[in-house]
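Peer 1: Quick one: this structure, given as structure tokens, is what I'll be asking you about.
The values are calculated or read from the model by the stated rules, or taken from the named source; none is laboratory data. Here the structure is a predicted model, which means the values were calculated and not measured. Every residue, glycine among them, receives a Cβ derived from its backbone with ideal geometry; neighbour counts consider all protein chains shown.
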Amino acid sequence: MDLSKKYVSVKKDREFRYLFKKGKSIVNSAFVCYLRPNKRRVNRLGIVTSKKIGNAVKRSRARRVLREAFRILEPQLRAAADKRYDFILVARGKTPYMKSNKLYEIMKKKITEEITKANDN
């Protein structure tokens, strides 16, 4: 099994602001996801954790569980759509207390639903 990353990180502030403004948002109690199709050959992921989440340990855990849930989901996203997307995941208060497999189930339901809806149009 290949463990290399199949996605690239979104790093530039300009790209984060663009996705916040122009991206489609998916909101639930665990996280907020902004997504928008890109013209690259890979999906890109950015993770945001504000100080509202808690101390550095909780923010790091929130980032870690979001990244792991996305890592598991990503091959299915590539198979489901011919387009590639930029994703921004914003942690919420519950995120550091959740397991990555629970987050994966929520992501799978919400994000794949949104992508298949976009592909149908």
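Peer 1: Just the residues that are farther than 16 Å from Ser60 by Cα and touching a strand residue (DSSP E or B) at 6+ places or on another chain (Cβ under 9 Å), please, taken from region 89-121. Step through it out loud before you land on a result.
Peer 2: Restricting attention to region 89-121, the residues satisfying the condition of being farther than 16 Å from Ser60 by Cα are 101-102, 104-121.
If the condition is that a residue be farther than 16 Å from Ser60 by Cα and touching a strand residue (DSSP E or B) at 6+ places or on another chain (Cβ under 9 Å), then Ile106, Met107, Lys110, Ile111, Glu113, Glu114, Ile115, Ala118 are the ones that fit.
Peer 1: If you don't mind, there's one more thing I want to ask. Mind listing whichever residues of region 30-40 are surrounded by fewer than 20 Cβ atoms within 10 Å (Cβ to Cβ) and not in a loop (DSSP other than H, G, I, E, B)?
Peer 2: So in region 30-40, the residues surrounded by fewer than 20 Cβ atoms within 10 Å (Cβ to Cβ) come out as 32, 36-40.
Of everything in region 30-40, those that are surrounded by fewer than 20 Cβ atoms within 10 Å (Cβ to Cβ) and not in a loop (DSSP other than H, G, I, E, B) turn out to be Val32, Arg36, Pro37, Asn38.
Peer 1: Considering region 41-56 alone, what residues qualify as being of a type outside the set (Gly, Ala, Ser) and in contact (Cβ under 8 Å) with a residue 12 or more places away in the chain?
Peer 2: Within region 41-56, the subset of a type outside the set (Gly, Ala, Ser) is 41-45, 47-49, 51-53, 55.
Answer for region 41-56, where residues must be of a type outside the set (Gly, Ala, Ser) and in contact (Cβ under 8 Å) with a residue 12 or more places away in the chain: Arg41, Val42, Asn43, Arg44, Leu45, Ile47, Val48, Thr49, Lys52, Ile53.
Peer 1: When only residues in region 41-98 that are within 18 Å of Lys110 (Cα to Cα), among the aliphatic types (A, V, I, L, M) and assigned to a helix (DSSP H, G or I) count, which is modelled with the lowest pLDDT?
Peer 2: Across region 41-98, the extreme among qualifying residues is Ala80.
Peer 1: Only one of these conditions is not met by Lys11: (1) over 19 Å from Leu103 (Cβ atoms); (2) in a loop (DSSP other than H, G, I, E, B); (3) in contact with a helix residue (DSSP H, G or I) (Cβ under 9 Å, 6 or more places away or on another chain). Which number is it?
Peer 2: (3)
Peer 1: Then there's this: Sort out which residues of region 96-117 are loosely packed, with under 15 Cβ neighbours inside 10 Å and not acidic (Asp, Glu), and write them in order of number.
Peer 2: Matches in region 96-117: Tyr97, Lys99, Asn101, Lys102, Lys109, Thr116, Lys117.
Peer 1: Here's another thing I want to ask about it. Could you list, in sequence order, the residues of region 27-59 that are more than 12 Å from the chain's Cα centre (by Cα) and either closer than 16 Å to Lys83 by Cβ or of a type in the set (A, V, I, L, M) (or both)?
Peer 2: Pro37, Asn38, Lys39, Arg40, Arg41, Val42, Ile53, Ala56, Val57
Peer 1: Which residue pairs have Cβ atoms closer than 7 Å, lie 6 or more positions apart in sequence or on different chains, and pair a first residue in region 17-40 that is farther than 19 Å from Thr116 by Cα with a second residue that is assigned to a loop (DSSP other than H, G, I, E, B)?
Peer 2: So the pair list comes out as Ser29/Arg92; Ser29/Lys94; Ala30/Arg92; Ala30/Lys94; Ala30/Met98; Phe31/Arg92.
Peer 1: Would you confirm whether or not region 77-95 contains a residue that is of a type in the set (Asp, Glu) and either in contact with a His (Cβ under 8 Å, 6 or more places away or on another chain) or crowded, with 18+ Cβ neighbours inside 10 Å (or both)? Reasoning before the result, please.
Peer 2: Looking only at region 77-95, we keep the residues that are of a type in the set (Asp, Glu), and these are 82, 86.
Checking which are either in contact with a His (Cβ under 8 Å, 6 or more places away or on another chain) or crowded, with 18+ Cβ neighbours inside 10 Å (or both) leaves us with 86.
Among the residues of region 77-95, at least one is of a type in the set (Asp, Glu) and either in contact with a His (Cβ under 8 Å, 6 or more places away or on another chain) or crowded, with 18+ Cβ neighbours inside 10 Å (or both), which makes the answer yes.
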